[in-house]
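J.: Let me begin by handing over the structure; questions about it come next.
The values are calculated or read from the model by the stated rules, or taken from the named source; none is laboratory data. If you're wondering where the values come from, they're calculated on a predicted model, not measured in any experiment. Every residue, glycine as well, gets a Cβ built from its backbone with ideal geometry; the counts of neighbours run over all protein chains shown. Heavy atoms of the whole protein, side chains included, go into the accessibility calculation; ligands, DNA and RNA do not. Shrake-Rupley method; radii C 1.70, N 1.55, O 1.52, S 1.80 Å.
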Amino acid sequence: MSEFNSAEEAGGIAVGINGEINGFNADVEARLANALTDVGRWVEREAGALMGHIKMAVTSDDSTVTMNLTDLREGVMFRGKVRPCRRADFSFMAAVLDVEEDRLRHTVIHALEDSGVNMVLEGGVTPHHHHHDHDCGCGHHHDHDHHDHDHHHDGECSCGHHHDHGHHDHDHHHDSECSCRHKHD
């Protein structure tokens, strides 16, 4: 018996990312819903329409909240509830048509990074710690010749917090406001 894969059957692609959220609450839930919307808007710009779905499930103990985006006009639909908790697991999945898989994965990682949610992806990687082998088109400068990773943005995040990221493996330098609206040092 073969397994049905809707993305493959439709000629599309699917990207999935799992991880852990530290400090889940209503604010985090809203930020994650915005991340889904950001990915949906990118797909719409790239493909001309959001054909497919973008989903996220957050689970803690015996409860799960799912977020589903199939139409940007309707917004993210929620089902279930997770009470505020110190730790929750998540699965993010986007199955869409007419975009490149590597660019979709990159966009999902940027959306998770820009959400401001304290999370770790499977394998112990934070969203800020991703690698680029080419010009990704995201508007960021990626310097691959260094082993230090610094973000320099002149913009400021709408949450009012200052975000300081000291990481490894590549440099991001911005002389003007970054599209993510975060201030990174």
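J.: Probe radius 1.4 Å, ligands and nucleic acids ignored: give me the carbon and sulfur share of the accessible area of the stretch 1-104 as a rounded percent.
T.: 44 percent
J.: Ranked highest first by the average count of other Cβ atoms within 10 Å around their residues, in what order do 61-72, 110-121 fall? Please report the intermediate quantities before stating the final value.
T.: Values: 61-72: 15.7, 110-121: 20.3.
Listed from highest to lowest mean packing, they are 110-121, 61-72.
J.: Quickly rank 77-83, 103-109 as a protection proxy: mean count of other C-beta atoms within 10 Å, highest first.
T.: 103-109, 77-83
J.: Shifting gears a bit: Grab the eigenvalues of the alpha-carbon gyration tensor for the stretch 6-114, scale each by 5, take roots, and send me the semi-axes largest first in whole angstrom. Intermediate results must be reported in sequence, preceding the final value.
T.: On the way: eigenvalues 118, 34, 32 Å².
Rounded to whole Å, the semi-axes are 24, 13, 13.
J.: Ranked by accessible surface with a 1.4 Å probe, highest first, in what order do S91, S60 come?
T.: S91, S60
J.: Same structure, new question: Any chance you could run the full-extension gain for R73 through S91? It's 0.36 nm times the residue separation minus the Cα-Cα distance, nm to one decimal.
T.: 4.1 nm
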